[in-house]
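Trainee: Below you'll find the structure I mean.
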Amino acid sequence: MKIVLVSMPWNLLETPSLPLGLLRARAGACQQPPVMIDYYGNLRWAEYLLERSSGAITTEDYSEIANWGVWHGIGDWVFAGVLTGRPDFHSADYAQYLARRRADPGKSVAMRGYAADFIAQAAEEVLAQQPDLVGFSSTFQQNVPSLALAQHLKRLQPSLPILFGGGNCEVPMGPALHRNFIFLDFVVSGEAEVAFVALLDALSGDALSGYPEISSVPGLTWRTPDGGSVFNGPAGMVPADLVPSPDYW
Ligand code: B12
């Protein structure tokens, strides 16, 4: 099995993703250890903006949204037009919203103009790896960019399983994301050092009988054949000795 783990904007540019490093390290505990590939969509987005804007949108502009935009949902707004399929989604009232909060939009309006094309490019780059599963780590403002890419991937390749995890998937947010976004196959809520391995082991099990072990993966929300959403219940704390040193490859 080949897995691409994705960290979308607005992960900081200066640090790798701790969860991606931990999950890569834990994958070695699977019965059939998968090939793990990281996709740093945040770095790709910063590079893309710099290049496409001929240097007008810099990494400092990116970091401003990553660090300060979080208070106002600016980073999510940048990708909301792609996710909703409505490029003008909340464009008309955006300036008023920010003015009420005395917030600086930075380069967010210009960035939004690039978002759809970037998501299409990112989907191509992920699919070029020929993954059997794509996992997204979502915290802070990564929800809308991650959902936008996940949706695009599912359109291009409907059979590709999509997995979400991270701070934005804690209970009750994770099960709610799964209910509301039909293109999400699996969402893990809570610490995933145990759940990730259990899920991969379950998926490498008996496909013909519908992967019966799925229902025992802790913290997992999964989809029934009729599109329903089943939450297995909250995961417990992960024992400290199962938390590995992150592997940033
Ligand atoms: C350290 C920390 C910070 C640091 C550093 C953050 C950073 N940029 O890395 C600082 C102090 C800067 C910070 C600030 C804030 N933080 Co903070 N922070 C944390 C804290 C304590 C630890 C985060 C961490 O690194 N954990 C370790 C990693 C490995 O855990 P993890 O990312 O959750 O990953 C695990 C699981 O989620 C899962 N997982 C993750 N990704 C994936 C992917 C897949 C495919 C799967 C299967 C599983 C999976 O497996 C991983 C291993 O178990 C968490 C609370 C917590 N206990 O987690 C809050 C937390 C992340 N912060 C939170 C908040 C709200 C904030 C602030 C907005 C607070 C504020 N109001 O000021 C700011 C925003 C900062 C910003 N500019 O974006 C919330 C986020 C909620 C959300 N929905 O995103 C959290 C969850 C706390 C909470 N419960 O409210 N924070």
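The values are calculated or read from the model by the stated rules, or taken from the named source; none is laboratory data. Model, not experiment: these values are computed from the prediction. In this analysis, Cβ positions are derived from the backbone assuming ideal geometry, glycine residues included, and neighbour counts consider all displayed protein chains.
Trainee: Could you name every one of the helices (runs of 4 or more DSSP H) located completely within segment 1-102 that has at least 1 residues being under 25 Å from residue 243 (Cβ atoms) and modelled with pLDDT of 95 or more?
Mentor: Here the list reads 18-26, 41-52.
Trainee: To continue, here is another question. Could you tell me whether any residue of segment 162-183 is of a type outside the set (D, E, K, R) and over 25 Å from residue 73 (Cα atoms)?
Mentor: Within segment 162-183 (the criterion being of a type outside the set (D, E, K, R) and over 25 Å from residue 73 (Cα atoms)), the answer is no, since none of the residues qualifies.
Trainee: To continue, here is another question. Among the candidates 179, 101, 112, single out the residue that is basic (Lys, Arg) and closer than 21 Å to residue 228 by Cα.
Mentor: 179
Trainee: Another question about this same structure. Pairs only if they're at least six apart or on different chains, beta carbon under 6 angstrom, first in segment 224-249 and closer than 27 Å to residue 39 by Cα, second within 14 Å of the ligand (Cβ to nearest atom) and in a loop (DSSP other than H, G, I, E, B); list them, first residue then second.
Mentor: 235/190; 235/218; 235/219; 238/191; 248/16
Trainee: Here's something else I'd like to know. Tell me, please, whether a residue that is in contact with a Lys or Arg (Cβ under 9 Å, 6 or more places away or on another chain), within 25 Å of residue 117 (Cα to Cα) and β-branched (Val, Ile, Thr) can be found in segment 24-36.
Mentor: Among the residues of segment 24-36, not one is in contact with a Lys or Arg (Cβ under 9 Å, 6 or more places away or on another chain), within 25 Å of residue 117 (Cα to Cα) and β-branched (Val, Ile, Thr), which makes the answer no.
Trainee: Shifting gears a bit: Restricting the search to segment 144-172, which residues are within 13 Å of the ligand (Cβ to nearest atom) and free of Cβ contacts under 8 Å to residues at least 40 places away in the same chain?
Mentor: Those that are within 13 Å of the ligand (Cβ to nearest atom) and free of Cβ contacts under 8 Å to residues at least 40 places away in the same chain: 150, 162, 163, 164, 167, 168, 169, 170, 172.
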